[in-house]
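Q: This is the structure I want to talk about, given as structure tokens.
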Amino acid sequence: MPLQDSAAGSGDPLPHPPPPPKPEAKLLSLLLKVAVMIFFTTLFFIFLGLATALLLFHLCIASALHRRRAQYPDSSSGFSRRDLKKLLQFQFSNGVNPHSQIDCSICLDGFRKGQWCRKLGGCGHVYHRKCIDSWLVRVSTCPLCRRCVRLDMEEHKINCVSPRNYEILYAL
């Protein structure tokens, strides 16, 4: 006995493939894809524009800060050895009042006759030359009052300081 198809034996017709999509559905599907692509492309360019605007804004701010720092040098950068020679220096004398306690604020040692000292421009504080030079190579501010040290003072070398002159120098 020949084998019969089970679908034919049950009386059901063979299943047919689904009908092909209508041309309108293909057109709608294509239009939907194009609309989605245009939407995402537009979003991409909007975010790209915003990122560019933020980058330009950041560069403008950074440029303005750089110009400002160039105009007002940072106090954390020290002086060169050549610049240090422009500061006022003198040899200390014993002519000062013995009752006044005058010490170098950096090393906390007293001033002795013949020691080289420096008077800072801007604030007028006095230190041992060796102490303040090692400080000013790293930081261009006074270690006591933190004022910026000016280099525009004329270079004077004073061999002997009278008590009155030293009090004037120290009071500045």
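Q: Those residues that are closer than 19 Å to ILE102 by Cα and surrounded by fewer than 18 Cβ atoms within 10 Å (Cβ to Cβ), I need them from segment 136-150; list them, please.
A: Step one: of segment 136-150, the residues closer than 19 Å to ILE102 by Cα are 142-145.
The answer is PRO143, LEU144, CYS145.
Q: Looking for whichever is modelled with pLDDT of 90 or more, within 30 Å of ARG150 (Cα to Cα) and either of a type in the set (Phe, Trp, Tyr) or surrounded by 10 or more Cβ atoms within 10 Å (Cβ to Cβ) (or both) here; the options are CYS60, CYS131, CYS117, CYS104. Which one fits? Spell out how you get there, then give the answer.
A: Details: CYS60 fails: within 30 Å of ARG150 (Cα to Cα); CYS117 fails: modelled with pLDDT of 90 or more; CYS104 fails: modelled with pLDDT of 90 or more.
It is CYS131.
Q: Turning to a different aspect of this structure: Those residues that are farther than 16 Å from SER134 by Cβ and either modelled with pLDDT of 80 or more or among the small types (Gly, Ala, Ser) (or both), I need them from segment 71-81; list them, please.
A: First, the residues of segment 71-81 that are farther than 16 Å from SER134 by Cβ: 71-75.
Across segment 71-81, the qualifying residue is only SER75.
The values are calculated or read from the model by the stated rules, or taken from the named source; none is laboratory data. Note that this is a predicted model, so its numbers are computed, not measured. A quick note on method: Cβ atoms are made from the backbone with ideal geometry, for glycine too, and the neighbour counts reach across all protein chains shown.
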